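Since the structure comes first, as structure tokens, the remarks are kept for the end.
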Amino acid sequence: MDRPELFTLDDVSLVIEGRRILDHVDEHLHDGVATAIAGPSGSGKSTLLRLLNRLAEPTSGRVLFRGTDVRDLDVLALRRRAVLVPQRATPLTEDVAAEVRVAAPQLTDAEVRSLLARVALDPDEVLGRTPSSLSGGELQRLCLARALAVGPEALLLDEPTSALDPRSADAVDEVIRSLVASGLAVVLVSHDVARADRVADDVRVLHEGRVTARGASGSLDLEHELMSPPTDGHVHDTDDPRAHGSKHLPHEHDDSVRTADLPEQP
Amino acid sequence: MTQIPSWTAVAVSVLLVLVAVAIASWQRLGISREIVVAAVRALVQLLAIGAVLAWLFAHAGIAGALAWIFAMTFVAANESRRRGHGIPRAYAAALVGIVVGTASTLGVLVLGGVISTEPQVLIPIGGMVVSGSMQAASLTLTSLRRSAVENRSAIEAALSLGLPAPQAFAREMRTAVRTALVPTVDSTRVVGLISLPGTMTGLIIAGVDPLQAIRYQIIVMYMLLAAWAVSALVTARAAQGSLFDDAQRLVPIAA
């Protein structure tokens, strides 16, 4: 099936102090799927993510959100429609419920509980605690709940699992998959290509500011792509990124992860 | 009035400089020369400011006194800007904070009839207000600069939730203003216990009854509280305006 375009990067370059962070990037990121931007550190992938919510501005080229130049959108509205969750899970309050409400103060208690459940946090267990007392994986999921609270159309995740042990990272990936399954678009950035390939539907490999490979997950020899330096005009396009179905992680129905019987977002 | 020391008395006090120089050379501290230079500089600077003040008191009138205070705010802002190094337009932020802090505090004192408008009152009182406002602006800029660098990740997390800059930066703003007010609140709390402050000391030496001298000191302490608070708040607001751009982004802070 054809998915509408969520973000379009139109010949985007970014130069900071003479260093070319992004080099003529042309990309189409689609709605309703998880797209991973994988690459080694310094490849420009976090910067690319920051262009999408205007935390960064391209030196040349355009970024479109649903066909509209992001510069023509109200920046606060854009950031509520596409919420970026930064790499370091940083609490902004001293209380779990307050953390969920930080950008959505109108939420009822029931809505807060529902959001916590949606990211596989047990409300009875975490409510009343301080965010900093949570484990790294729990805190990362709380940051996801805080982002979901504003009712976004897309989540932009910067290395959502890089600071976590494999088990906690799997739990976060499960939540990301369940969110995508519920219709949310996700763009995530990761240096862990194998993990990115497992969680995402589409994968882009970024190398020295250029997309060197793109395709449906599982279709790319990613380790190979990652190691090969970019060459002019050479992009491995192994699959039409608009054409693929939904994705299932092998352990999606694992009972230890509480995603199956959770209420929908309020 | 008690007797004010004559120039002969000042000449005698030079012996005290010689005491310091003697100790320095006897103990081979290597700073004899610096002591002499410092003592001479102090003499020249105070002679100059004494002459300027004498002229101002005689000729300036209220307009001249206010102009003098206004000029001091520029010098003070130039001093504060260094604390905000890396914050765009730190000089403007400090200047507007110091000017508003000074003008509002002096305005209340003058319009409320608390102090007289003679230059020999306005200029020293104005100097204290400008100096207090400057310290508040400096501490505010120091704190804002530090938190803009250290808390960038949290600030950007808040901006990324679609919060406008004033909300995303609210914690840092509160911290900056609170930090700036701590010294003056502390010194107000312990005034008279640890040290006898300058205004009171000066009046007592000049022969004023201590119970009258403290009235002036009380007014000075209270006016400094206001000057610090207004200057810190206005400086912080102005700096916040420069720390975020039109797209609600925290600008890069130069090292």
Checklist entry - Are there any pairs, at least 6 apart or on different chains, whose C-beta atoms fall under 7 Å, with the first in the range B:141-168 and at the interface with chain A (Cβ under 8 Å from one of its Cβ atoms) and the second of a type in the set (S, T, N, Q) and not in a helix (DSSP H, G or I), and if so, which? => result B:Ser153/A:Thr90; B:Ala154/A:Thr90; B:Ala157/A:Thr90; B:Leu159/B:Gln248; B:Ser160/A:Asn53; B:Pro164/B:Gln248
Checklist entry - For B:Ala239, are the conditions met, namely being assigned to a helix (DSSP H, G or I), closer than 30 Å to B:Phe74 by Cα and touching a residue at least 12 places away in the same chain (Cβ under 8 Å)? => result yes
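What helices (runs of 4 or more DSSP H) completely inside the range B:129-234 contain at least 3 residues that are open to solvent by less than 50 Å² (accessible area, probe 1.4 Å) and touching a strand residue (DSSP E or B) at 6+ places or on another chain (Cβ under 8 Å)? Don't jump to the end; show me each part of the working.
Working: elements: B:152-159, B:165-168, B:170-189, B:198-205.
In the range B:129-234, B:152-159 are the helices (runs of 4 or more DSSP H) which contain 3 or more residues that are open to solvent by less than 50 Å² (accessible area, probe 1.4 Å) and touching a strand residue (DSSP E or B) at 6+ places or on another chain (Cβ under 8 Å).
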Item to check | Selected residue [open to solvent by less than 20 Å² (accessible area, probe 1.4 Å), under 29 Å from B:Ile155 (Cα atoms), within 14 Å of chain B (Cβ to nearest Cβ) and at pLDDT 90 or above] from A:Ala185, A:Ala145, A:Ala169, A:Ala200 | outcome: A:Ala145
Checklist entry - Are there any pairs, at least 6 apart or on different chains, whose C-beta atoms fall under 6 Å, with the first in the range A:114-130 and on the phi > 0 side of the Ramachandran plot and the second open to solvent by less than 50 Å² (accessible area, probe 1.4 Å), and if so, which? => result A:Ala120/A:Val175; A:Ala120/A:Val257; A:Ala120/A:Thr259
Checklist entry - Tally time: how many residues in the range A:114-133 are part of a loop (DSSP other than H, G, I, E, B) and either of a type in the set (Phe, Trp, Tyr) or surrounded by 20 or more Cβ atoms within 10 Å (Cβ to Cβ) (or both)? => result 3
Checklist entry - Within the range A:142-198, which residues are closer than 21 Å to A:Thr47 by Cβ, out of contact with any Ser or Thr (no Cβ under 6 Å at 6 or more places or on another chain) and of a type in the set (Val, Ile, Thr)? => result A:Thr161, A:Val186, A:Val193
Checklist entry - B:Val121 fails exactly one of the following numbered conditions: (1) farther than 29 Å from B:Phe244 by Cα; (2) free of Cβ contacts under 8 Å to residues at least 24 places away in the same chain; (3) touching a Leu at 6+ places or on another chain (Cβ under 8 Å). What is the number of that condition? => result (3)
Checklist entry - For B:Ala9, are the conditions met, namely being modelled with pLDDT under 95, part of a helix (DSSP H, G or I) and over 30 Å from the mean Cα position of the chain (by Cα)? => result yes
Checklist entry - Are any residues in the range B:60-95 open to solvent by less than 60 Å² (accessible area, probe 1.4 Å) and under 24 Å from B:Arg249 (Cβ atoms), and if so, which ones? => result B:Gly84, B:Gly86, B:Ile87, B:Pro88, B:Ala90, B:Ala92, B:Ala93, B:Ala94
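The values are calculated or read from the model by the stated rules, or taken from the named source; none is laboratory data. What you see is a predicted model; the values in this text were computed from it and never measured. As a convention, Cβ positions derive from the backbone with ideal geometry for all residues, glycine included, and neighbour counts pool all protein chains shown. Surface areas here come from the heavy atoms of the whole protein model, side chains and all, with no ligands, DNA or RNA. Shrake-Rupley method; radii C 1.70, N 1.55, O 1.52, S 1.80 Å.
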